[in-house]
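Each remark here refers to the structure printed beneath this line.
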Amino acid sequence: MGGFFGVVSKCDAIPDVFFGTDYHSHLGTRRGGMAAYDENIGLQRDIHNIENSPFRTKFENIFDEMTGNSAIGCISDSDPQPLIIRSNLGCYAVATIGIINNAKELIDKFLCSNGGHFGAVMTGGKINTTELVAALISQKPSFAEGITFAQDVIEGTAAIMILTDKNSIIVARDRVGRLPLSIGKNENGYCASFEQFAFKKLGYALEKELGPSEIVEITCDGLTVLEPARKEMKICSFLWTYYGYPTSEFEGVTVEQMRYRNGEIMAKNDLKNGFTDKIDYVGGVPDSGTPHAIGYANKSDIPFARPFIKYTPTWPRSFTPAKQVDRNRIAKMKQIPVHSLIEDKNLLFVDDSIVRGTQLRETVEFLYENGAKSVHMRSACPPIMYGCKYLNFSRNTNDMELITRSTIFELEGEEGFKYIDEYSDSSTKRGKKLRSAICEKLHFASLEFQSLEGVIEAIGLDKSKLCTYCWNGKE
Ligand code: SF4
């Protein structure tokens with residue numbers, strides 16, 4: 001994934017972009033970058049590796065190094081960004097969030113025809129998404145036309161932020177608004193951001209949430225809509241269930257409260273089945289499972305507890321060693337048990353989702369090793385049946401690595417994939433089989449998933465506006 005934040009101001013833009021970008025650190029763990037524009041100096045840029053230490057510490061000298069009334073910053077899980085581009089549209093800095101699935105075709109069709117060439121590759125021959133977006137934009141005589149062209153030919157998702165050499169920022173929400181993008185305003189100018197809480201905390205008020213495909217230019221004096229929003233929206237439902245920061249709002253729906261509602265709906269279903277009588281404590285698999293668990297506990301009247309707590313002071317989230325075995329060891333070292341809340345207790349945990357299940361199995365084993373009588377699991381979203389093809393989601397995985405798919409394959413081979421809908425549904429024979437097979441694999445005493453209807457109800461938007469592809473395969 002990734003996130004970005006930009007400011008155009010009558011004052012120094014660097015402090016707000018520094019903190020505003022830092023507030024997007026939950027969206028990526030690989031690269032951080034900032035670019036600024038100063039009339040006397042021009043465009044400046046700085047990029048750091050943030051794999052082993054957070055954005056804030058890597059950019060703490062930026063106040064001495066960079067200056068400008070307009071600046072952008074980004075957190076990225078893939079390409080180092082922002083890039084500085086010199087083209088027919090002038091010199092500009094650009095950052096993107098998303099994924100391009102037809103990169104090769106686009107290069108062949110638009111950039112390498114007529115003897116042209118495109119040299120934007122990363123180490124290992126991977127195409128640099130941001131550079132490809134910039135090259136597509138440069139095919140047209142204006143930013144608005146170029147961005148619209150890029151959005152229309154890209155298969156995938158591209159949210160775009162451009163810092164021009166005219167003291168303005170141009171932002172474009174992706175074609176169907178899978179990712180959010182908002183504009184904030186204070187007395188000195190405007191900002192643009194993925195997460196709204198980032199600018200509200202910095203004293204900006206929400207001015208506008210961009211619609212799908214909308215393109216807006218901000219200067220310190222105002223905003224101009226360069227391209228109006230289109231109607232079709234498919235905002236990513238996972239923003240609420242997992243990766244949006246809890247204090248954020250998307251399309252008017254607060255993430256934290258959506259998660260409470262989601263947990264309440266799951267508890268209501270368990271209450272109907274008389275299941276909750278046996279449970280001593282409800283807990284969340286930290287961190288994003290916690291608010292779903294609070295909702296579950298509130299509705300079921302089972303006390304909420306934290307039977308284990310992550311040791312975070314010396315293990316920042318961004319620390320992600322390359323080897324899976326090291327990642328597992330660190331995950332284990334972080335989990336500190338509260339023995340009196342585990343020993344001889346029947347525990348129910350809520351996790352935001354179950355992708356591969358590897359980590360969850362370790363967590364459950366750790367609880368049993370510490371004396372739990374039983375560990376029940378609830379997933380705050382429906383079974384993930386399809387890998388996401390729209391976002392550069394860090395938990396993205398090929399379909400057969402999904403625990404649902406691999407279990408279905410073990411149960412009845414390829415044939416089973418014809419019955420994905422049945423497997424998703426807990427009331428069917430296949431649905432029950434899938435749940436009990438996963439329970440066996442991951443050592444859960446019981447397992448249930450939030451239903452598709454349940455998660456849509458908790459978000460509260462019309463289902464036609466939501467992307468739910470990874471759960472039901474509907475485009
Ligand atoms: S497929 Fe899933 S993760 Fe990807 S955009 Fe759609 S809802 Fe979000």
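Couple of notes before you dig in:
Rundown of residues vs (1) surrounded by fewer than 19 Cβ atoms within 10 Å (Cβ to Cβ); (2) among the small types (G, A, S); (3) touching a Ser or Thr at 6+ places or on another chain (Cβ under 8 Å), yes/no style:
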position: P291; (1), (2), (3): no, no, no
position: I294; (1), (2), (3): no, no, no
position: P313; (1), (2), (3): yes, no, no
position: N328; (1), (2), (3): yes, no, yes
position: E343; (1), (2), (3): yes, no, no
position: I354; (1), (2), (3): no, no, yes
position: T358; (1), (2), (3): yes, no, no
position: L367; (1), (2), (3): no, no, no
position: G371; (1), (2), (3): yes, yes, no
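- Meets criteria (of a type in the set (K, R) and more than 26 Å from C91 (Cβ to Cβ)) for K166: no
- Residue list for region 35-73, filter: out of contact with any Asp or Glu (no Cβ under 9 Å at 6 or more places or on another chain), part of a strand (DSSP E or B) and among the charged types (D, E, K, R): D38, R45
- Long-range neighbours under 8 Å by Cβ, at least six apart or interchain, first residue closer than 22 Å to L27 by Cα and assigned to a loop (DSSP other than H, G, I, E, B) within region 371-392, second aliphatic (A, V, I, L, M) and near the ligand (Cβ under 9 Å from one of its atoms): L391/L179
- Given (1) more than 16 Å from the ligand (Cβ to nearest atom); (2) more than 22 Å from G2 (Cβ to Cβ), number of the condition E232 does not satisfy: (1)
- Residue satisfying all of: in region 393-406; surrounded by 21 or more Cβ atoms within 10 Å (Cβ to Cβ) and of a type outside the set (K, R); nearest to the ligand (Cβ to nearest atom) among these: L402
- Subset of region 405-443 [in contact with a helix residue (DSSP H, G or I) (Cβ under 7 Å, 6 or more places away or on another chain) and either β-branched (V, I, T) or not in a helix (DSSP H, G or I) (or both)]: T407, I408, D425, S426, T428, I438, H443
- Filtered by the rule that a residue be over 25 Å from R45 (Cα atoms) and of a type in the set (D, E, K, R), region 141-165 gives E145, D152, E155.
- Among the residues making up region 235-249, those that are within 16 Å of the ligand (Cβ to nearest atom) and not aromatic (F, W, Y) are I235, C236, S237, L239, T241, G244, S248.
- Residue match in region 250-266 (condition: within 16 Å of the ligand (Cβ to nearest atom), of a type in the set (V, I, T) and in a helix (DSSP H, G or I)): yes
- Residue list for region 430-451, restricted to those being crowded, with 21+ Cβ neighbours inside 10 Å and within 16 Å of the ligand (Cβ to nearest atom): F449, Q450
- Some residue of region 99-115 being in the same structural domain as C220 (by TED's automatic domain parsing), in contact (Cβ under 8 Å) with a residue 60 or more places away in the chain, under 17 Å from G6 (Cβ atoms) and buried (at least 20 other Cβ atoms within 10 Å of the Cβ): no
- Extreme residue, nearest to the ligand (Cβ to nearest atom), among residues of region 357-392 that are β-branched (V, I, T) and closer than 30 Å to D344 by Cβ: T358
- Verdict on S427 being assigned by TED's automatic domain parsing to the domain that holds H292 and more than 16 Å from the ligand (Cβ to nearest atom): yes
- Test: S464 is surrounded by fewer than 20 Cβ atoms within 10 Å (Cβ to Cβ) and closer than 23 Å to I265 by Cα: yes
For every residue, the table says whether it meets (1) away from the ligand (no atom under 16 Å from the Cβ); (2) touching a residue at least 24 places away in the same chain (Cβ under 8 Å).
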| site | (1), (2) |
| --- | --- |
| A144 | yes, yes |
| F149 | yes, no |
| D152 | yes, no |
| I160 | yes, yes |
| P180 | no, yes |
| G189 | yes, yes |
| L202 | yes, yes |
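- Taking region 191-231 as the range and being crowded, with 17+ Cβ neighbours inside 10 Å, touching a Gly at 6+ places or on another chain (Cβ under 7 Å) and part of a strand (DSSP E or B) as the test, the residues that pass are C191, A192, S193, E207.
The values are calculated or read from the model by the stated rules, or taken from the named source; none is laboratory data. What you see is a predicted model, and the numbers here were worked out from it, not measured in a lab. Neighbour counts run over all protein chains shown; Cβ positions are idealised from the backbone, glycine included.
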